[in-house]
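Below is one structure, written out as structure tokens, with a few remarks after it.
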Amino acid sequence: MFETELNLIEIAWRPDFWYFGAPLVWTAGGETIIVPKGFITDMASIPKAVDWLPNLDRTGLSRRPAALHDWLYGGDRWRGKAVADDTLRAALKAEGMSNIGAFEYWYAVRHFGQSSWDDDNKNLRQEHFITLADFEA
């Protein structure tokens, strides 16, 4: 379950991207995952053609789980893709999403998220974080 609220700050020069203003903490099965302050997320990467579906609303119950999932793909990769995807499903259910809705998200990332997993592996970890240089003119 989530132990902290989601604290995101919009990145004005990168539409649809935010950075964490404070850590996000998730605990389940005796394990704690902490998304650090400064990590950049684009939340749920839902194709525009289907983002009108109620369960796929990126501004609803999926916000914290999607941000956590981004961290597991782009920052805390040692757990692996399967754990990241399963954690997303558990977090969605913990937020109150139906089993069907959580399954839809899980199915999508499990079966269509490999390219995102591979792309995040190509990027350097520091590219996933906001730095002072991002604020320089």
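List every residue pair whose Cβ atoms lie under 7 Å apart, where the two residues are 6 or more positions apart in sequence or sit on different chains, the first residue falls within the stretch 99-111 and is within 16 Å of Arg64 (Cα to Cα), and the second residue, located anywhere, is modelled with pLDDT under 85 and open to solvent by less than 90 Å² (accessible area, probe 1.4 Å).
Correct list of pairs: Gly101/Asn55; Tyr105/Ser62.
So which of Ala67, Ala91 is aliphatic (A, V, I, L, M), under 20 Å from Glu10 (Cβ atoms) and at pLDDT 90 or above?
On the way: Ala91 fails: under 20 Å from Glu10 (Cβ atoms).
Exactly one residue qualifies, and that residue is Ala67.
Quick test for you: out of Trp18, Trp78, Trp13, pick the one residue that is at pLDDT below 90, in contact with a Leu (Cβ under 6 Å, 6 or more places away or on another chain) and open to solvent by 40 Å² or more (accessible area, probe 1.4 Å).
Result of the check over Trp18, Trp78, Trp13: Trp18.
Okay, residues lined up against (1) at pLDDT 85 or above; (2) open to solvent by 80 Å² or more (accessible area, probe 1.4 Å); (3) among the aliphatic types (A, V, I, L, M):
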| position | (1), (2), (3) |
| --- | --- |
| Pro23 | yes, no, no |
| Ala28 | yes, no, yes |
| Pro36 | yes, no, no |
| Pro54 | no, yes, no |
| Arg58 | no, no, no |
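Would you check which residues across the stretch 104-114 are small (Gly, Ala, Ser) and at pLDDT 75 or above and list them? Don't jump to the end; show me each part of the working.
Of the stretch 104-114, the ones small (Gly, Ala, Ser) are 108, 113.
Listed by number, the list holds a single entry, Ala108.
Matching residues to (1) touching a Cys at 6+ places or on another chain (Cβ under 9 Å); (2) without any contact (Cβ under 8 Å) to a residue 12 or more places away in the chain; (3) assigned to a strand (DSSP E or B):
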position: Ala12; (1), (2), (3): no, yes, no
position: Asp16; (1), (2), (3): no, no, no
position: Tyr19; (1), (2), (3): no, no, yes
position: Val25; (1), (2), (3): no, no, yes
position: Ile40; (1), (2), (3): no, no, yes
position: Met43; (1), (2), (3): no, no, no
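Do you know which residues across the stretch 81-116 are within 16 Å of Gly29 (Cα to Cα), of a type in the set (A, V, I, L, M, F, W, C) and crowded, with 16+ Cβ neighbours inside 10 Å?
Within the stretch 81-116, Ala84, Leu88, Ala90, Ala91, Leu92, Ala94 qualify.
The values are calculated or read from the model by the stated rules, or taken from the named source; none is laboratory data. Just so it is clear, the model here is predicted, and its values are computed rather than measured. Positions of Cβ are backbone-derived with ideal geometry, glycine not excepted, and every protein chain shown enters the neighbour counts. Accessible surface areas use protein heavy atoms only, side chains included; no ligands, DNA or RNA. Shrake-Rupley method; radii C 1.70, N 1.55, O 1.52, S 1.80 Å.
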